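As structure tokens, the structure follows; a few thoughts come after it.
Bear in mind these aren't lab numbers, they're just calculated from the coordinates by the rules spelled out. In this text, all values refer to a predicted model and were calculated from it rather than measured experimentally. Don't worry about glycine lacking a Cβ; one is built from the backbone with ideal geometry, like all the others, and counts go over all protein chains shown.
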Amino acid sequence: MAIKKSELYSTLWKSCDELRGGMDASQYKDNRKGIFMIDAKSRYMKDGAKNRLREQDIEAHLQGGLQIHDIEQMKQYRDSCPALRSEVFKEGIPRTGYATLKVDKSEIRNTIQKSKDYQKQSALFHSHFEDWKAEVNSMLEFLCEGANPKSLVKELGDSILRHFNKDILPVDAYDVYDALMNYWNETMQDDCYLISEDGWKATLYVPQPADKKTKNGEIKKAKRKEAKTIADFACDLLPVEFVVKRYCNDLYETLLAAEERLSEYESQNAEMEYKDEYLDEPDVIARYIDIRQEISASKSVIKVCHTELKDAVQECYDTLTSSEVKEIVINDKWYGTLSKRLDDQMQQVGQQLTSSVIALVERYENTLTELNDEVVRLKKKVEQHLLSMSFVI
């Protein structure tokens with residue numbers, strides 16, 4: 001017996017009402033999950049926001065395979081790394097218009113990063129950065145008292161856009177420009193104004209606590225702070241970390257190693273004191289004494305390193321010439337920071353591409369038949385467990 005259209009509509013609306021529960025119909029449209037309507041007469045093709053599946057989506061879910069159409073949507077990577085597609089996908093399998101993964105899913109990331117196209121693009125990306133540095137280096141070196149930072153940033157921005165627009169790259173030229181502008185607003189702008197005021201001078205100082213006002217309105221002078229470690233120093237144009245890395249790195253590494261040893265010994269000491277019931281055993285007592293001695297020795301090394309490093313840094317700043325300050329600020333601080341940020345952008349591109357490929361693979365990883373078989377298998381397994389527990393199904 002044929003079903004009337006009115007009966008079909010009635011059944012569908014009742015189903016929707018049951019799923020909606022007590023939620024108002026006007027709110028349910030924003031909360032419904034897991035249900036979509038298919039317009040069969042349109043052959044499942046996408047037609048506006050409400051049609052969820054295309055004909056090829058249905059076929060992929062039923063028979064498996066990755067759609068070539070979806071692979072081609074990765075336009076940014078297709079244009080910059082054309083050979084990468086054939087290294088990741090086998091096309092025409094399992095049928096025309098579809099593809100399958102050429103490598104194991106766990107190897108997608110490594111395959112992308114080791115791809116000749118990707119490595120070539122990474123080298124080209126860094127080559128453009130080096131070319132840009134060569135072009136603007138004279139501008140930065142000629143900065144002096146009375147310079148105009150506003151005109152400088154325009155030249156820097158125009159130059160970096162011009163260089164990174166020369167080739168099709170996986171990182172958009174405007175993302176590179178944005179990285180430069182962000183760093184300019186955060187740091188370079190202030191540095192350039194400092195140079196415009198005082199030239200290439202690196203003045204080391206110890207930030208002092210502010211004076212406080214008492215209850216009766218009097219100003220209480222804060223106690224003057226003296227530097228005990230390099231962490232107490234500050235320099236606006238040339239931060240201490242760059243001087244330490246350039247001139248005192250060995251001593252700094254010794255300090256870090258001593259601090260790491262101290263942390264390890266203190267952790268062992270705390271663990272032994274927590275288990276104090278074993279401290280009456282001779283070998284445990286001997287080990288405890290050794291640890292306490294190592295802690296004391298590490299603290300002594302750290303104290304000496306802090307003092308020597310502080311004095312070494314102070315001496316460096318006292319003897320730095322304007323040319324040395326300029327060289328460190330331009331190459332280590334400005335170029336070094338920008339290089340790291342651009343490296344992060346290139347790595348992010350690889351991560352995004354990896355995520356896109358994995359998402360596409362997982363979307364069609366199991367056909368509906370396989371999923372249905374798995375549901376049946378798990379259902380039988382649950383039923384067996386329930387029967388073993390004397391539950392009546």
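Apply the Debye scattering formula to segment 114-266, with a single equal point scatterer on each alpha-carbon and no solvent, then give log10 I(q)/I(0) at q = 0.13, 0.20 Å⁻¹. One equal scatterer on each Cα of segment 114-266 leads to -0.90, -1.19.
Taken over segment 212-319, the alpha-carbon convex hull comes to 160 cubic angstrom per residue. Cross-link pairs exceeding 29 Å between alpha carbons, from the set K212/K340; K303/K326; K221/K299; K223/K245; K166/K340; K220/K245: K212/K340; K303/K326; K221/K299; K223/K245; K220/K245. Electrostatic bookkeeping for G92 treats Lys and Arg as +1 and Asp and Glu as -1; over the other residues with beta carbon under 14 Å from its beta carbon, the sum is +3. You can think of it this way: the chain between S388 and D178 has 69.2 nm of extra reach, that is 0.36 nm per residue less the Cα-Cα gap.
When Lys and Arg each count +1 and Asp and Glu each count -1, what net charge do the other residues less than 13 Å away from A123, Cβ to Cβ, add up to? Summing Lys/Arg as +1 and Asp/Glu as -1 gives -3. Computed from backbone phi with θ = phi - 60° and the Karplus coefficients 6.51, -1.76 and 1.60, the 3J(HN,Hα) list for segment 341-352 is 5, 6, 4, 4, 5, 5, 5, 5, 4, x, 5, 5 Hz; x is used for glycine and proline. Net charge of the neighbourhood of D190, taken over other residues with C-beta under 11 Å away and scored Lys/Arg +1, Asp/Glu -1, is -4.
Among C305, C144, a tally of other beta-carbon atoms within 10 Å of each Cβ gives an order, fewest to most, of C144, C305.
The phi torsions of segment 193-206, fed into the Karplus equation with coefficients 6.51, -1.76 and 1.60 and a -60° offset, translate into couplings of 5, 4, 5, 5, 7, 10, x, 7, 10, 10, 9, 8, 8, 10 Hz, rounded to whole numbers, with Gly and Pro shown as x.
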